[in-house]
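The values are calculated or read from the model by the stated rules, or taken from the named source; none is laboratory data. These numbers come from a predicted model, not from an experiment. Glycine also receives a Cβ, built like all others from the backbone with ideal geometry; neighbour counts cover every protein chain displayed. In case anyone asks, the SASA skips ligands and DNA or RNA and just uses the protein heavy atoms, side chains included. Shrake-Rupley method; radii C 1.70, N 1.55, O 1.52, S 1.80 Å.
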Amino acid sequence: MAVLNEADNILPVCQELAETFAADSSIEILAIDDGSTDATVRKLLEARQTILPRLRIISHPKRLGKSAALRTGITAANGHWIATIDGDGQDDPSAILKMLERATSTPRVQPLVVGVRRKRNDRLSRRLATRFANGLRRRLLNDGCPDTGAPLKLFPRDLFLKIPQFEGVHRFLPALLGHYGAPLICIEVQHRARLHGSSKYTNFNRALVGIRDLLGVMWLQNRTHLPNHLTEH
């Protein structure tokens with residue numbers, strides 16, 4: 001879970017995580033604070049003390065971006081399967097259990113599972129911007145995913161660490177992991193209203209950066225050549 005200035009949301013989100021994963025103490029839960037300037041870290045420490053003792057908390061000294069925060073958490077994680085979730089309360093963590101079940105029941109391959117938001121609980125301008133961005137990305141990258149910006153994703157840790165790091169990489173995982181052989185599984189998930197606060201991105205800055213990143217990913221796909229199989233003699 002990557003968080004930035006989500007102090008008002010931390011306790012209810014951690015409470016829901018504690019309830020969802022109470023039956024399996026082996027599941028590791030990490031929160032990466034991306035240089036918050038509010039009481040986010042203090043609330044995370046409170047959550048660990050009172051709600052979620054297994055919570056691991058890692059902080060960036062300054063804001064580096066969501067993709068950097070995710071990579072920090074994924075690098076620090078010990079498990080094989082990684083699930084990502086936002087810290088604003090819009091995602092239902094119980095969907096992660098369904099995603100993990102789908103991933104582990106897929107024979108002989110390790111997929112990327114994306115929780116496609118069935119009905120976006122955002123303002124109209126954001127929904128339209130997302131629809132346009134997803135359509136453009138799907139046409140140019142042919143990644144087969146209707147909602148690449150969905151926060152809920154599950155994938156193998158080692159496969160993620162093979163792909164190049166850049167800010168925005170989390171929006172291109174279907175294309176990048178697919179290039180490394182991970183099949184895509186999409187399942188519908190619930191998308192809820194934000195508990196408190198507002199998004200850290202505007203439609204305009206997301207669009208400008210997204211177009212630049214899209215061109216970069218197209219270049220990466222074109223320049224990354226991987227063998228279909230290996231023969232050792």
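For region 17-29, which residues satisfy the criterion of being open to solvent by 50 Å² or more (accessible area, probe 1.4 Å) and assigned to a helix (DSSP H, G or I)?
Our first condition is that a residue be open to solvent by 50 Å² or more (accessible area, probe 1.4 Å); within region 17-29, this holds for 19, 22-26, 28.
Hit for region 17-29 is Glu19, nothing else.
Considering (1) touching a strand residue (DSSP E or B) at 6+ places or on another chain (Cβ under 7 Å); (2) under 25 Å from Gln165 (Cα atoms); (3) modelled with pLDDT under 95, the lone condition that Ala83 does not fulfil carries the number (3).
So which residues in region 47-105 are among the hydroxyl-bearing types (Ser, Thr, Tyr), under 16 Å from Ala2 (Cβ atoms) and not in a helix (DSSP H, G or I)? Ser59, Thr84 - these are the residues of region 47-105 that are among the hydroxyl-bearing types (Ser, Thr, Tyr), under 16 Å from Ala2 (Cβ atoms) and not in a helix (DSSP H, G or I).
Just so you know, in region 78-93 the residues that are closer than 18 Å to Ala18 by Cα and hydrophobic (A, V, I, L, M, F, W, C) include one that is most open to solvent (accessible area, probe 1.4 Å), and it is Ala83. None of Ile32, Ile51, Ile58, Ile96 is under 20 Å from Gly149 (Cβ atoms), modelled with pLDDT of 95 or more and open to solvent by 10 Å² or more (accessible area, probe 1.4 Å) except Ile96. Of all residues in region 154-167, those satisfying the criterion of being open to solvent by 10 Å² or more (accessible area, probe 1.4 Å) and either part of a loop (DSSP other than H, G, I, E, B) or touching a His at 6+ places or on another chain (Cβ under 9 Å) (or both) are Arg157, Asp158, Leu161, Lys162, Pro164, Gln165, Phe166, Glu167.
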